[in-house]
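Colleague: Okay, handing you the structure first.
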Amino acid sequence: MEIWKWVFVGVLWYAGYVSSTGAVELGRSQNTERISGSAGDVLEDDPVGRLKVFVYELPSKYNKKILKKDPRCLTHMFAAEIFMHRFLLSSPVRTLNPDEADWFYTPVYTTCDLTTNGLPLPFKSPRMMRSAIQLISSNWPYWNKTEGADHFFVVPHDFGACFHYQEEKAIERGILPLLQRATLVQTFGQRNHVCLKDGSITIPPYAPPQKMQTHLIPEKTPRSIFVYFRGLFYDVGNDPEGGYYARGARAAVWENFKDNPLFDISTEHPATYYEDMQRAVFCLCPLGWAPWSPRLVEAVIFGCIPVIIADDIVLPFADAIPWEEIGVYVDEEDVPNLDTILTSIPPEVILRKQRLLANPSMKQAMLFPQPAQPGDAFHQVLNGLARKLPHDRSVYLKPGEKILNWTAGPVGDLKPW
C-alpha cells in the first residue's frame, strides 16, 4: 500500500493531465480514444429516418398541469420523463399521422408528485397510468391492435413500473399488468428482477447539464484524489438496524475505509462536489435503495472512473457503452477488499479508461440536454426503439383476441384517478 501511494502521486498525477474534465463542453481539446467495434458504431447511430413516433395528445392533467403545480420536477433525477416528452414534440421522428407510426408514446408524468423534501411519491402512479391507458384505448384504435406492444412508456421510478421505492414492496407489486406488453424506458435495471422485463431500454437518470457546465475546472487540473464518494452510508430513518440499505455495501465502505488516506469519503455534500469529482481518479457508484443513481452520470461526465458496486445491475445503453472498459465492477461481497482491488489496477489500464471516458460521444449519451444534441440520451432511446423494428407479427392481435387482464393487480390500483 505504501508503494502504491508513491505510484499514485507520480503516474496518476500525470494521468490527471491527460484525462478529460471537458464533460459537458464537448468541443474542448481532449486526449480521447474512440470505442472500438460495433459499440462505437451504435453509439454514433442517427435514428432519424429509421422510425416514426406518434405522440398521444393527453389532457394536461396527465403532464403539463402536474408540472405547473410543482416545477421542482424539472430538476430531480426522474425528470427524463418530462424532457423526453418535450423532445419528441419537436423531433423529426415525430409523425402526426398515427397510421404511419412505428411507435406510440403516452406522455404521463408519474414521478411528478413530490414530498416537501422533493422525493417522488409513487402511490398514485399506477392509477394515473391506468387512467391514461384507458383513455388512449377508448379514443384511438392503436392500443387495442397490439395491447401496447408497439407503445413505449418512460417510467423512471426507483423500480420502474413496479411503482414503489422499497424493493420488497416493488417485487410484491410487480410491473403494472397493463404495461406487460409495452416497451418500458426506465432507469432501473437489474438482471433476473421482476421489475425489469425483457426488451426494456435502460437509461441514465437525469443530471442537469447546465449546472454541471458551470462547475467545470481547468482541463489540466491533476487528479489528486484516489477514491471519492459523498452520500449516505446508513439510512437510519428507513433502516434503523442497518444492513438492509444498499444491502450493507455502503456500510462496508465506511467501516473499512473511513480512516484510509486513499479514500475521500463522507456523508457531507460540499459545494465543491462536482469540482472534487474532476480531481478524483475513481468515483464510487454503490447501490442505495435502488441499484442506480446519478453518480454514474456524474462520474462519466467528469472523467472519473466509475466503481460500480451493485450486483447484477443493467447499466444505461449497455449495447452502446462498453461499461467494463470504462468502469470497474466490484461485487458487493468484495467491498472490504476495495483498496486492494483498485490499487492493483495497472496505471496503463487506468489511463486507457480515462481516454475512453474523455470521448465526447460517451458523455453526450448520458445527458438529456436542452435543446437536444446528436448522440445524446434522447437519441440513444430512439436508437434502441429503432433496433426493435420491424415489429414481429406476434405484436398484432387477432380480431377479438385479448391478452391483458384489466382487473389484475392490487385493489387500490383499480380505483379511478
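Colleague: In whole percent, how big is the carbon plus sulfur part of the accessible area of the stretch 209-366, probe 1.4 Å, protein atoms only?
Modeller: Numbers: 2950 of 5840 Å².
Ligands and nucleic acids excluded, carbon and sulfur reach 51 percent.
Colleague: Karplus couplings for the stretch 306-315 from phi (6.51 cos²θ - 1.76 cosθ + 1.60, θ = phi - 60°), rounded to Hz, Gly and Pro as x?
Modeller: x, 9, 8, 10, 6, 4, 6, 5, 9, 8
Colleague: Rounded to the nearest 10 Å², what accessible area does TYR109 show when all protein chains are kept and the probe is 1.4 Å?
Modeller: Per-residue accessible area (TYR109): approximately 10 Å².
Colleague: I need the fraction of alpha carbon pairs in the chain separated by more than 43 Å, rounded to a whole percent.
Modeller: Tail of P(r) above 43 Å: 13 percent of Cα pairs.
Colleague: Still on this structure, please answer the following. Lys and Arg at +1, Asp and Glu at -1: add these up for the other residues within a Cβ distance under 15 Å of GLU172 and post the number.
Modeller: Details: positive: LYS169, ARG173; negative: ASP158, GLU167, GLU168, ASP413.
Overall, the nearby charge balance is -2.
Colleague: Continuing with the same structure: Say the cut-off is 32 Å between C-alpha atoms; which of LYS52/LYS197; LYS52/LYS169; LYS124/LYS258; LYS52/LYS402 go over it? Intermediate results must be reported in sequence, preceding the final value.
Modeller: Working: LYS52/LYS197 24 Å; LYS52/LYS169 37 Å; LYS124/LYS258 40 Å; LYS52/LYS402 26 Å.
Among LYS52/LYS197; LYS52/LYS169; LYS124/LYS258; LYS52/LYS402, the Cα-Cα distance tops 32 Å for LYS52/LYS169; LYS124/LYS258.
Colleague: So, R0 is 45 Å and r is the distance between the beta-carbons of GLU268 and ALA408; what FRET efficiency does that work out to, to 0.05?
Modeller: On the way: r = 46 Å, r/R0 = 1.02.
Working from the Cβ atoms, E equals 0.45.
Colleague: Still on this model: What are the extents of the Cα atoms of the stretch 209-366 along their three principal axes, in Å, largest first?
Modeller: Principal extents (largest minus smallest coordinate, Cα): 43, 34, 31 Å.
Colleague: In addition: With charges only on Cβ, +1 for K and R and -1 for D and E, what is the dipole size of the chain about its Cα centre, in debye, rounded to 20?
Modeller: Values: 41 positive and 47 negative charges, 320 e Å.
Value, rounded to 20: 1540 debye.
Colleague: Provide the per-residue ³J(HN,Hα) series for the stretch 254-271, in order, calculated from phi with Karplus coefficients 6.51, -1.76, 1.60 and θ = phi - 60°, each as a whole number of Hz, with x at glycine and proline positions.
Modeller: Karplus-based 3J(HN,Hα) across the stretch 254-271 equals 5, 5, 8, 10, 4, 10, 7, x, 7, 10, 9, 10, 6, 7, 6, 10, x, 5 Hz.
Colleague: Helix-only mean residue ellipticity at 222 nm, the chain, DSSP H runs n ≥ 4 weighted -39,500 (n - 2.57), per residue, nearest 500. What is it? Provide the component values of the computation, followed by the final result.
Modeller: Details: 17 runs with 126 residues, N = 417.
The per-residue figure over the chain is -8000 deg cm²/dmol.
Colleague: Roughly what angle does helix 377-386 make with the longest principal axis of the chain, taking Cα atoms, 0 to 90 degrees, to the nearest 10?
Modeller: Rounded to the nearest ten degrees, it is 50.
Colleague: Here's another thing I want to ask about it. Which percent, to the nearest 5, of DSSP beta bridges fully inside the chain are antiparallel?
Modeller: Values: 2 of 27 bridges.
Just about 5 percent of them are antiparallel.
Colleague: In addition: I'm checking a number: the convex hull volume of the Cα atoms of the stretch 317-393, normalised per residue, in Å³. What is it? If you can, show how the numbers build up before the last one.
Modeller: Values: hull volume 10.5 nm³, N = 77.
It comes to 137 Å³ per residue, whole-number rounded.
Colleague: To test your reading of the geometry: what angle, between 0 and 90 degrees and rounded to tens, separates the Cα axis of helix 125-139 from the longest principal axis of the chain?
Modeller: Roughly 40 degrees between the two axes.
Colleague: At 1.4 Å probe radius, can you tell me the per residue accessible area of the stretch 209-366 in Å²? It would help to have the intermediate numbers written out before the result.
Modeller: Values: 5840 Å² over 158 residues.
Per residue, the stretch 209-366 has an accessible area of 37 Å².
Colleague: Could you give me the ³J(HN,Hα) list for the stretch 199-205, computed from phi with Karplus coefficients 6.51, -1.76, 1.60 and θ = phi - 60°, whole Hz, x at Gly and Pro?
Modeller: 3J(HN,Hα) across the stretch 199-205, in whole Hz: x, 5, 10, 8, 10, x, x.
The values are calculated or read from the model by the stated rules, or taken from the named source; none is laboratory data. Quick caveat, the model's predicted, so the values are computed rather than measured. Cβ sites come from the backbone with ideal geometry, for glycine too, and all protein chains shown count toward neighbours. Just so you know, the surface numbers come from the protein's heavy atoms only, side chains and all, with ligands and any DNA or RNA stripped out. Shrake-Rupley method; radii C 1.70, N 1.55, O 1.52, S 1.80 Å.
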